[in-house]
Amino acid sequence: MLGGRISLFCLNLGLVAFSVLPAKSVKAQEPIFNSSIPRHSQSDFGGVGLMQMPTARVKPTGEFSFTLSDNDLYRHYSLSLQVFPWLESNIRFTQVHDILYSYDSNFSGDNEYTDKSIDVKAILLKEGNWAPQIGVGLRDLGGTGLFDSEYFVASKQLGPIDLTIGVGWGYIANRNNIHQNQTSGACSRSNSYSGNGGSVDVSRMFSGCLSFFGGIEYQTPISGLAVKFEYDGNDYQNDFPTQRNQIAIPVSSPWNIGAVYSLSDWGHLHLSYERGNTLALGLTISTNFASLKPHWTPSPPPAYHKAESKNTLSEEEWQKVLSTVKQQAGYAEARIYQQNKTITLVGKQSKYRDDDAAASHAAVLLANTGMEAEQYRIVTANHGLNLSEKSVNRQQLEQVLTAAYPNASFKDAVVTRNPESDYGSPTSEQSSRFSYGFAPVLIQSFGGSEDFYLFAAGLRGGLEYKLKRNWLVTGSLYANIFDNYDKFNYTVPPDGTSLTRVRTLTRQYFKEDIRLSNLQLTYFTRLNTNLFVQYYGGYLESMFAGVGSEWLYRPLNTSWAFGVDINYVKQREPTSLLGLYAQENHIDEELERPYRVQTGTATGHATFYWQPQKNTILDNTLLKISVGRYLAEDVGFTFDFSKQFDSGVIAGTYVTKTNLTSDEYGEGSFTKGFYISIPFDLININPTTRRGNISWQPLTRDGGQRVGKRFSLFKETDARSPWYSKAQY
């Protein structure tokens, strides 16, 4: 059981600055920061609110906030993201002061009990001249019930005052001021949770204690200072410290008062006095994923120079053209084909997310050669797969470049179409068979039982060697520099599950300072116009080796795709660099408890991909639904939903549910997680199509786990219908 695992590969130190510095807005005319404008702030729990109570307010789309708040009972760490104009999401870790994670000090030491929560709030009615803004929210959704609540809330702006009133059920309503003949302990709502936690218990929602709550947020005449005043719907007599350890929580008043001071648009300090006897402090740091844009200055597009007409170029001249195309248009590993008054450029786009800009630069550079041609073909390829072709009419291109008519655009001269699978023998080409690189790696765990924060810092070296255009050997070696995973106390989860330990042998794998993360051979091919295939075999990831194949049907410029992958894998032996487990049954030497490993299984999934069309409620999103067999031989489905903001930052979430019962799965009941994908060109000084990925699972268990593949055809064929390389800024 690994709590809240977050993995950040190819960590760039710029990401740290990226997460805390003010967003560079796309709209330069907007003011950088105006402290007199009412800015609705985060609550103690994370998400826009007063102190303990929520409001109907939300942040602008793409707003991402980290909030730390602390009082005598709880310390909350919250991450809030405004996914859509109408939907706010929030994940939270809560440490409960003076309550140990477990009763066994040998297991968790003096680590405080840590709860993991998910909150959502949806706007039902947007504020009008007379109508308030109305929202509905769920707090601690799918958790263990420490703070689970439901509410309806309305907010109305009256000059510098934002007035809120709402009605809630559950934790935020334990004062039970509507049913005053009952105490919070007498409410009919159960304090237990279904399964092993982590499930969405619909039967408990909108039941139990019922209370009004409300308050105001006032933007004072003092620059950057707002004050809050709220009536608390909770009486704190049914809180977790009281229920578990009979710790009395005195409440001197139902009224809370607080202040928020805005350091800038990215930083806010919180101070409040709650329950009439308790001081609370907080800090919020935020940015906006939608308004970020690259900090590099775009190079001017290549200028058109009409050259003397010619029929051929020397090899040296073609090589110079290819070098210029790579530098100015971003097409690497490029090849030139010349036949029948058509010049074709095939290459991998490594510089620009805007494919039209890259193709226009390349077309101008080809036109500048003076080669006689009626047509230029700019083909985006990857791993020997020709993915998309932009056919450029030379005569129309010259009219655009010379502004022969008003509002001339490169799109007037280009047609996007399916490329040919093979263009024959290249006239000239530039390619490198061997490449390598090194990157720092930080692997982190939050909210675990042994310690709130576990980490491993190391260095990863990677290499690629091209045997042929479609054949690729890849390898990756990780060297651990420093970690505190020695605190991770067990090999076998203590909740009695009997699944093969496909992921929960983390402790054994982290004991080794040198780990082979990947060593495989991959073959890519295109069977017909829309069908792409990869075959692979070797050490696929740090825990599994095997062979497999993936097939993807992806028509050009469509919103959907369908793929199937099939694999046969065996679990790697952690104490051996190349060894595999030969025996299924083992005994944990410290706990003297048996466990099983995976000595061979077939696993695979059928996946449907869908990008909803623009101007819908799900604009700029990707939905993936996978059905198949997982590593522990359980069968089920994974639903993955992600949202891309205007900057290209992608935030997503996924859930996996299989045929395992809650008891068979263990703590958490089913697999769920979150991830963020950040374009490196937002933080680099030069444009690039590379990305950095951060992923988080509240708990790592053995059910619902998939084998990690080095390549995903959906990502490798992104040029067919761009998602990862979609031009936004």
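The values are calculated or read from the model by the stated rules, or taken from the named source; none is laboratory data. Computed from a predicted model, the values in this text were never measured in an experiment. Cβ sites come from the backbone with ideal geometry, for glycine too, and all protein chains shown count toward neighbours.
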Residue check, residue 49 within 29 Å of residue 616 (Cα to Cα), surrounded by 16 or more Cβ atoms within 10 Å (Cβ to Cβ) and free of Cβ contacts under 8 Å to residues at least 12 places away in the same chain: yes
Restricting segment 365-389 to residues that are at pLDDT 95 or above and β-branched (Val, Ile, Thr), the residue that is surrounded by the fewest Cβ atoms within 10 Å (Cβ to Cβ): 379
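Here is a list: 611, 598. Which entry is polar (S, T, N, Q), under 30 Å from residue 389 (Cα atoms) and surrounded by 19 or more Cβ atoms within 10 Å (Cβ to Cβ)?
611
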Test set (1) modelled with pLDDT under 95; (2) surrounded by 18 or more Cβ atoms within 10 Å (Cβ to Cβ); (3) not small (Gly, Ala, Ser) - residue 260 fails condition number: (1)
Test: residue in segment 667-674 that is farther than 19 Å from residue 724 by Cβ and among the acidic types (Asp, Glu): yes
Which numbered condition residue 51 fails, given (1) modelled with pLDDT of 95 or more; (2) assigned to a helix (DSSP H, G or I): (2)
Residue, surrounded by the most Cβ atoms within 10 Å (Cβ to Cβ), within segment 121-174, restricted to residues that are in a loop (DSSP other than H, G, I, E, B) and in contact with a Leu (Cβ under 8 Å, 6 or more places away or on another chain): 148
Filter result for the condition that a residue is touching a His at 6+ places or on another chain (Cβ under 9 Å), under 30 Å from residue 448 (Cα atoms), of a type outside the set (A, V, I, L, M, F, W, C) and assigned by TED's automatic domain parsing to the domain that holds residue 610, over 710, 706, 691: 706
When residues of segment 431-458 are limited to those that are farther than 30 Å from residue 109 by Cβ and assigned to a strand (DSSP E or B), the one nearest to the chain's Cα centre (by Cα): 439
Single unsatisfied condition, residue 718 versus (1) more than 29 Å from residue 381 (Cβ to Cβ); (2) buried (at least 21 other Cβ atoms within 10 Å of the Cβ); (3) of a type outside the set (S, T, N, Q): (1)
Test result for residue 381, of a type in the set (A, V, I, L, M, F, W, C), under 26 Å from residue 553 (Cβ atoms) and outside any strand (DSSP E or B): no
Among the candidates 681, 640, residue that is crowded, with 21+ Cβ neighbours inside 10 Å and either in contact (Cβ under 8 Å) with a residue 40 or more places away in the chain or assigned to a strand (DSSP E or B) (or both): 681
